[in-house]
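What follows is a set of notes on a single structure, which appears directly below.
The values are calculated or read from the model by the stated rules, or taken from the named source; none is laboratory data. Just so it is clear, the model here is predicted, and its values are computed rather than measured. Note: ideal-geometry Cβ built from the backbone for every residue, glycine included; neighbour counts use all protein chains shown. Keep in mind that these areas ignore ligands, DNA and RNA; they rest on the heavy atoms of the full protein, side chains included. Shrake-Rupley method; radii C 1.70, N 1.55, O 1.52, S 1.80 Å.
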Amino acid sequence: KHFGGAKIVRDVVVGMSDGLTVPFALAAGLSALQNSAIIVTAGLAELAAGGISMGLGGYLAGRTEIQHYDAEKEREYFEVQNCPKEEEEEIYEVFEPYGVSREALQPLVEKLKLEPEKWVDFMMK
């Protein structure tokens, strides 16, 4: 089975990297003041601000990705309904580099044409 959590791992690594680097840099910079209360307070404030920033950034990125996917799916529905020949051609183009002939793909194309939902799902992958 293939590992499916690459995006989560990426987000954790980036988040940890950013989340740890900035507070330590801030603490190092403020250490010149030789006032531990200011350093701790600033560090905690930065952790809170950084957490809010990263959380909001992740949320907005996720929402944008969902909106983009939905817009693409809507476009695929439109194309399947209004220009099916071009959509058929896209299927042939996907498999052409693998040496799959149009004749071999014809049953697949005909089956997808009978079920627009599955055709759109196929085109989205």
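Structure data summary
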| item | result |
| --- | --- |
| Conditions (1) closer than 30 Å to Gly19 by Cβ; (2) among the hydrophobic types (A, V, I, L, M, F, W, C); (3) in contact (Cβ under 8 Å) with a residue 24 or more places away in the chain; number of the one not met by Leu60 | (3) |
| Residue satisfying all of: in segment 1-17; open to solvent by less than 70 Å² (accessible area, probe 1.4 Å) and closer than 15 Å to Gly55 by Cα; modelled with the lowest pLDDT among these | Gly15 |
| Qualifying positions in segment 101-125 - over 30 Å from the mean Cα position of the chain (by Cα) and not in a helix (DSSP H, G or I) | Ser101 |
| Lone qualifier among Leu20, Leu44, Leu30 - being open to solvent by 90 Å² or more (accessible area, probe 1.4 Å) and part of a helix (DSSP H, G or I) | Leu44 |
| So Gln67, is it more than 27 Å from Arg10 (Cβ to Cβ) and either in contact (Cβ under 8 Å) with a residue 24 or more places away in the chain or polar (S, T, N, Q) (or both) | no |
| Pairs where the first residue, in segment 111-125, is in contact (Cβ under 8 Å) with a residue 12 or more places away in the chain and the second is surrounded by 11 or more Cβ atoms within 10 Å (Cβ to Cβ) and of a type in the set (A, V, I, L, M), C-beta under 7 Å, 6+ apart | Pro116/Val80; Trp119/Val80; Trp119/Leu112; Val120/Val80; Phe122/Leu112 |
| Residues being of a type outside the set (Asp, Glu) and assigned to a helix (DSSP H, G or I) - total across segment 1-17 | 11 |
| Cβ pairs under 7 Å, 6+ apart, first in segment 84-109 and surrounded by 10 or more Cβ atoms within 10 Å (Cβ to Cβ), second of a type in the set (Asp, Glu) | Glu86/Glu79; Glu87/Glu79; Val109/Glu88 |
| Scope segment 47-60; condition exposed (fewer than 11 other Cβ atoms within 10 Å of the Cβ) and under 23 Å from the mean Cα position of the chain (by Cα); matching residues | Ile52, Leu56, Tyr59, Leu60 |
| Among the candidates Ile66, Ile52, residue that is more than 30 Å from Met124 (Cβ to Cβ) and either part of a helix (DSSP H, G or I) or not aromatic (Phe, Trp, Tyr) (or both) | Ile52 |
